[in-house]
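Q: Below: one structure in structure tokens.
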Amino acid sequence: MPNLIPVSPETLSNKSWRRPKDLSHGSQDTFCPLTLSELARAAVSFPLAFVRNEGSFTIVALQSFELGKNLFTSPDGRWLSSHIPVSYSTYPFRLSPIDGGGAVLCIVNENDCVLDDESQHPFFGSEGSLDPLVNEVFKTLSQAYNESSALAGIISLLQDMDLIVPWEIAIPKGANMRKIEGLYKIDEGILNNLADSDFLKLRSSAALVPAHCQLISMQLLPELIKLDQAYSDLVASENALSSDKLHVGLSVDSGTLDLSNL
């Protein structure tokens, strides 16, 4: 768990913060959870998938097929996609839930983001209110937090209508094909043949948004496979990484990669 510091005058007086110089903090993320508002933008940038999380589903951007690897971050930390997910663009800040409901704005105390002097961005203005830059991040995170329960309800409705089904994916690895397990998609056939009453229920609850975004995004799967293959070819040609590092947590000879337990 990251070390979170609540953003308050009591905890951060006479301190400042700085943005990370790159997005290398997400370089080991196979998935990235998405907010409801960013689904349309994400759907034209990544393949979107549903993953199980303690019995329910979450919609995520699929960023690689390997545990501990993100194909959208370059070795020097540059971001390689047109859309930066909210959880990355608002780093090093996040909202942390508190007992009794609600959440408090915190900063992640890592990567030298918090400084013990006032040489970088301030946390507060002269009157003790949030600095405008911090306040903009707070607004973005607050919107995402407020949307989270609505998105969970929408996904639960899709699940109740049996629209979320296993996504069977196989990718080339050398001379073999490796199955990717633990990912789910929308069943387009079931969606197109819903009873009118069920379809109207989905439309009135905005559940068609994540459903259609996930379906649209599937056209990007071949591009992610090409990117994965290009990365593997580059690593092999340069002999930059050992086989163990390429297959963190995997059984290389099993022919199957299970992403369900991340």
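Where a number appears in this text, it was derived from the coordinates with a stated rule and is not lab data. These numbers come from a predicted model, not from an experiment. Positions of Cβ are generated from backbone atoms using ideal geometry, with glycine treated the same way; all protein chains shown enter the neighbour counts.
Q: So how much slack lies between SER37 and ASN109, counting 0.36 nm per residue of separation and subtracting their Cα-Cα distance, in nm?
A: Value of the extension gain: 23.2 nm.
Q: What distance in nm lies between label points placed 7 Å from Cα along the C-beta direction at SER129 and SER148?
A: 2.6
Q: May I ask you to evaluate 6.51 cos²θ - 1.76 cosθ + 1.60, the Karplus curve with θ = phi - 60°, for each residue of region 216-230 and list the ³J(HN,Hα) values in order in whole Hz, giving x for glycine and proline?
A: 4, 5, 4, 5, 8, 4, x, 5, 5, 5, 4, 5, 5, 5, 5
Q: Using the C-alpha gyration tensor of region 164-204, what are the square roots of 5 times its eigenvalues, in whole angstrom, with the largest one first?
A: 34, 9, 6
Q: With N residues in the chain, what two-decimal value do you get for its Cα radius of gyration over 2.2 N^0.38 Å?
A: In units of the 2.2 N^0.38 Å rule of thumb, it is 1.12.
Q: Let me ask you something else. Determine the calculated [θ] at 222 nm for the chain from helices alone, applying -39500 (n - 2.57) to every DSSP H run no shorter than 4 residues and normalising by the residue count; nearest 500 deg cm²/dmol.
A: Mean residue ellipticity, 222 nm, calculated: -9500 deg cm²/dmol.
Q: Around LEU227, under 14 Å between beta carbons, what's the net of Lys plus Arg minus Asp minus Glu among the other residues?
A: -2
Q: Right, something else. Using unit Cβ charges (K, R positive; D, E negative) and no other charged atoms, how large, in debye to the nearest 20, is the dipole of the chain about its Cα centre?
A: 360
Q: Just grab the label-to-label distance for LYS139 and ASP198, each label 7 Å out from Cα along the Cβ direction, in nm (one decimal).
A: Those two pseudo-labels are separated by 4.1 nm.
Q: Net charge near GLN159: determine it from the other residues with C-beta under 12 Å of the C-beta of GLN159, scoring Lys and Arg +1 and Asp and Glu -1.
A: -2
Q: Here is a follow-up. Given q = 0.17, 0.19 Å⁻¹, what are the Debye log10 I(q)/I(0) values for region 110-163, with equal point scatterers placed on the Cα positions and solvent ignored?
A: Taking Cα atoms of region 110-163 as identical point scatterers yields -0.70, -0.77.
Q: What does the charge count near ALA195 come to, summing +1 for each Lys or Arg and -1 for each Asp or Glu among other residues with Cβ under 14 Å from its Cβ?
A: My count for the surroundings of ALA195 gives -2.
Q: Here is a follow-up. Can you give the FRET efficiency to the nearest 0.05 for GLU118 and ASP22, using r as the Cβ-Cβ distance and R₀ = 35 Å?
A: Step by step, r from the Cβ atoms, then E = 0.90.
Q: Using the alpha-carbon centroid of each, what span in Å lies between region 22-72 and region 200-216?
A: When both Cα centres are located, 19 Å separates them.
Q: Calculate one ³J(HN,Hα) per residue across region 93-110 by plugging θ = phi - 60° into the Karplus curve 6.51 cos²θ - 1.76 cosθ + 1.60, and present them in order as whole Hz with x for glycine and proline.
A: Residue by residue, region 93-110 yields 9, 7, 9, 10, x, 10, 4, x, x, x, 8, 10, 6, 10, 10, 7, 8, 8 Hz.
Q: Extent of region 1-135 along each principal axis, from alpha carbon coordinates, in Å, largest to smallest?
A: For region 1-135, the Cα spread along each principal axis is 45, 40, 26 Å.
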